[in-house]
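Participant: This is the structure I have questions about; it appears just below.
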Amino acid sequence: MEALKVEDILSLSDYERQRGEIRGRMQELRRLRRFELGDACVVIFENRETVRFQVQEMLRVDQSDETERIALELSCFNLLVPAKNELSATLILRVQEYRDVDSALQRMSGIANGCITLEVGEDKIPARFDVEDEHVLCSSDVFYIHFAFSEEQIAAFSNPSIPVILRSCHEHCDASIPIEGETRRSLLQDLL
């Protein structure tokens, strides 16, 4: 999937005129791609359109559509646009109370060590986190994760008779959710 460029972003005035329609479409798309893994984690699969929406909303809040500012936002958010043969997602660790952030993040320590997977039939595809240092991991509650597919795994993902499951096997987040129907078809478009 192609990364976003500055010219892909609407001016503030154009975005404001189209925001209602865009926002409605994106809310439905994000709802379709959102998975709650127990009460500890939320995974939201991203694509070029969801990322563009996030950038537009950030620029709207900041009331800036200067080229340099757009380029800065894209340098961060383009990390969420899936590469070829890949699904990407935002992983959010749920923290109930702000005062409990540190203990909640410590409790989820180790989640980057193969705990989040996509199972396509018998194959397990581990999430690759954009951070490698476990201490860095425990300083934030939002992460970008990626699932790299082989051509064979993409073919299996496209076969509705082969089960696909999003799974977490962390001691504080042990859950699995099947990916089926419209959601699966939407994610398949990111892989093709």
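Participant: Kindly list, by first and then second residue, each pair from a residue in segment 167-192 that is over 22 Å from Gln106 (Cα atoms) and in contact (Cβ under 8 Å) with a residue 24 or more places away in the chain to a residue that is of a type in the set (A, V, I, L, M, F, W, C) and assigned to a loop (DSSP other than H, G, I, E, B), limited to pairs with Cβ atoms under 7 Å and residues at least 6 apart or on different chains.
Facilitator: The qualifying pairs are Leu187/Ile179; Asp190/Met1; Leu191/Phe149.
Participant: Follow-up question, since we're still on this one. Could you list, in sequence order, all residues of segment 86-122 that are modelled with pLDDT of 90 or more and surrounded by fewer than 16 Cβ atoms within 10 Å (Cβ to Cβ)?
Facilitator: Of everything in segment 86-122, those that are modelled with pLDDT of 90 or more and surrounded by fewer than 16 Cβ atoms within 10 Å (Cβ to Cβ) turn out to be Gly121, Glu122.
Participant: Among the strands (runs of 3 or more DSSP E) confined wholly to segment 138-192, which include 2 or more residues that are loosely packed, with under 14 Cβ neighbours inside 10 Å and among the hydroxyl-bearing types (Ser, Thr, Tyr)?
Facilitator: Because the criterion is at least 2 residues that are loosely packed, with under 14 Cβ neighbours inside 10 Å and among the hydroxyl-bearing types (Ser, Thr, Tyr), no strands (runs of 3 or more DSSP E) in segment 138-192 meet it.
Participant: Are any residues in segment 124-145 at pLDDT 65 or above and among the β-branched types (Val, Ile, Thr), and if so, which ones?
Facilitator: Of everything in segment 124-145, those that are at pLDDT 65 or above and among the β-branched types (Val, Ile, Thr) turn out to be Ile125, Val131, Val142, Ile145.
Participant: While we're looking at this one, here's another question. Here's a check for you: in segment 150-192, which residue that is over 21 Å from Ile116 (Cβ atoms) and of a type in the set (A, V, I, L, M) is modelled with the highest pLDDT?
Facilitator: Filtering first and then ranking leaves Ala155.
Participant: On to the next question. Yes or no: segment 66-73 includes at least one residue that is among the basic types (Lys, Arg), surrounded by 12 or more Cβ atoms within 10 Å (Cβ to Cβ), farther than 30 Å from Glu180 by Cα and modelled with pLDDT under 95.
Facilitator: The answer is yes, given that some residue of segment 66-73 is among the basic types (Lys, Arg), surrounded by 12 or more Cβ atoms within 10 Å (Cβ to Cβ), farther than 30 Å from Glu180 by Cα and modelled with pLDDT under 95.
The values are calculated or read from the model by the stated rules, or taken from the named source; none is laboratory data. What you see is a predicted model; the values in this text were computed from it and never measured. As a convention, Cβ positions derive from the backbone with ideal geometry for all residues, glycine included, and neighbour counts pool all protein chains shown.
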